[in-house]
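Take a look at the structure below.
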Number of protein chains: 2
Amino acid sequence: MKLIYTGKTKDVYALEDGNYLLRFKDDVTGENGVFDPGANTVGLTMEGAGKAGLRLTKYFFERLQEKDIPTHYVEANIEEATMTVKPASVFGKGLEVICRYRAVGSFLRRYGLYAEEGQPLDAFVEVTIKDDERQDPPISEDALDMLGILSTAEYKVLKELTRSIADVVKTELAAKGMELYDIKLEFGRIGQEGQIVLIDEISGGNMRAYKDGKYVEPLELTRLMLEG
Amino acid sequence: MKLIYTGKTKDVYALEDGNYLLRFKDDVTGENGVFDPGANTVGLTMEGAGKAGLRLTKYFFERLQEKDIPTHYVEANIEEATMTVKPASVFGKGLEVICRYRAVGSFLRRYGLYAEEGQPLDAFVEVTIKDDERQDPPISEDALDMLGILSTAEYKVLKELTRSIADVVKTELAAKGMELYDIKLEFGRIGQEGQIVLIDEISGGNMRAYKDGKYVEPLELTRLMLEG
């Protein structure tokens, strides 16, 4: 087992059978010690964050599997904080796909002239480039196609998958009395045909969930979802 | 004749017949005394810039008229540095539509991870919000529709018009030995049916033109186009 990549919140190992192993770390993104799912820097380390993130990811990836929504998920080992996944190649150097139900975060920072904080949004999907140096700029369908990152046909699949996945998460959260404000997903291509599948994780680290008008921290989200 | 708006590069007056009069000023956008068509601040005053901008605008708007491309243009008075236009309402609080043939400026600042400086782009169209406070953020077709700024059907018209107009300008410049790198246009709705038309101006102040690999300043652009 060979370490091939050290990420902000995960390490990636190559397995002998061609699959990969993700090890979830206790580091979460944020700034100045405050958790922020939209941040590009590791802001703090929270004991148990890795396992909590993995538990929720396992839960959601298995729900998606039941609904035949394609993901890179193979299996998870909570004790080891590891998840086995199929090999996937990302689009370009990596994209983030955001689905928004409320105007908060970077959406509000960009479109505050037209949107009020917390205003409902109709499962609005947008794509940003993973590029820390340039603060993850948003990119349009046309630009993705022109720059050879994602074809127009793939964009349509990506958008539909994003909405389906976000809807599953939103519904699951609602059943526990929480509201999903937004969620950030990553996708990749797998297999010879380049099927588009969800990769990475689904946990408190990449969504904003609220309960009784109050933001739910990542560890608390896992607790409310799986032990509530 | 009543002054109703003082802009960065123009003043706007209401005429008795319902039309508007734009007075072109000698102020141009830029920063620290250096001209930049993408800037939000008036960077410098160049004697004759207003008339030069108007002369080129008149020239291009009349070429568009010949090609039945709709604009708000009625007539121009070069001596007075004024242009009479039909009343138009802008989309939301104003949008800028950019057509790009080369990767420079804000495109490169955003997508430098995937594009090299000066790389050819295939008449790439993007829309930004006029919002000085938020540095004119780019906005997608979906977001424009969702925020009630521009419908998806209108977006298609806007994109086609932008490409047609940019192509006219590019061809005219090429005939004078210049290359158009990018151009920034503004549109509005006129009449009961809300027909989408080009508004504002087409001059050196809202495009980047190059000759023999060297940037052509706005005043020089007018000279090369109309006196060359």
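At B:GLY18, label 7 Å along Cα→Cβ: distances to the other copies, nm, ascending?
Sorted ascending, the copy-to-copy spacings read 7.1 nm.
Which of B:PHE24, A:PHE107 has the fewest other C-beta atoms within 10 Å, and how do the rest follow up to the most?
Placing the least packed residue first, the sequence is A:PHE107, B:PHE24.
Normalised radius of gyration for chain B, please: alpha carbon Rg relative to 2.2 N^0.38 Å, two decimal places.
For chain B, the normalised Cα radius of gyration comes out at 0.97.
Considering Cα pairs under 8 angstrom that are at least six residues apart, work out the relative contact order of region B:158-206 and quote it in whole percent.
27 percent
Under a straight-distance cross-link criterion of Cα-Cα below 29 Å, which lysines are reachable from A:LYS214, leaving out those fewer than 8 residues away in the same chain?
Cα-Cα hits under 29 Å: A:LYS8, A:LYS10, A:LYS25, A:LYS51, A:LYS58, A:LYS130, A:LYS159, A:LYS170, A:LYS176, A:LYS184.
Please report, for B:GLN195, the nm distances (one decimal) from its label point, 7 Å out from Cα along the beta-carbon direction, to the equivalent points in the remaining copies, shortest first.
Reported distances to equivalent positions: 5.2 nm.
Report the equivalent ellipsoid semi-axes for region B:2-85 in whole Å, largest first, defined as the square roots of five times the eigenvalues of the gyration tensor built from alpha carbon atoms.
Value: 23, 16, 11 Å, ordered largest first.
I need two numbers for region A:89-217: Rg to one decimal and Dmax as a whole number, Cα atoms only, in Å.
Looking at region A:89-217, its Cα Rg and Dmax stand at 14.9, 46 Å.
How far apart are the A:GLY112 label points across copies, placing each 7 Å from Cα toward Cβ, in nm, shortest first?
2.5
Could you line up A:LYS2, A:LYS25 from fewest to most neighbouring Cβ atoms inside 10 Å?
Listing A:LYS2, A:LYS25 from fewest to most nearby Cβ atoms yields A:LYS2, A:LYS25.
Could you list A:GLU141, B:GLU31 so that the one with the fewest beta carbons within 10 Å of its beta carbon is first and the one with the most is last?
Arranged by neighbour count, lowest to highest, A:GLU141, B:GLU31 become B:GLU31, A:GLU141.
In debye to the nearest 20, how big a dipole does region A:180-224 give about its Cα centre with +1 on each Lys and Arg Cβ and -1 on each Asp and Glu Cβ?
The calculation lands at about 140 debye.
Would you work out which of B:GLY94, B:ILE202, B:VAL157 lies farthest towards the positive end of the dipole of region B:89-217, given +1 charges on the beta-carbon of Lys and Arg and -1 on that of Asp and Glu, about the Cα centre?
Final value for the positive-end residue is B:ILE202.
What residue in chain B has the Cβ closest to the axis turning B into A, and how close is it in whole Å?
Residue nearest the B-to-A axis, with distance in whole Å: B:SER140, 3.
Work out the length of the dipole vector of chain A about its Cα centre, built from +1 on the beta-carbon of each Lys and Arg and -1 on the beta-carbon of each Asp and Glu, and round it to the nearest 20 debye.
140 debye
Across the residues of A:117-130, average count of Cβ atoms on other protein chains within 10 Å?
That works out to 2 on average.
Each reported figure results from applying straightforward, stated rules to the coordinates on display, with no laboratory input. On a predicted model such as this, the values are computed, not experimentally measured, just so you know. Note that we place each Cβ from the backbone using ideal geometry, even for glycine, and neighbour counts take in every protein chain shown.
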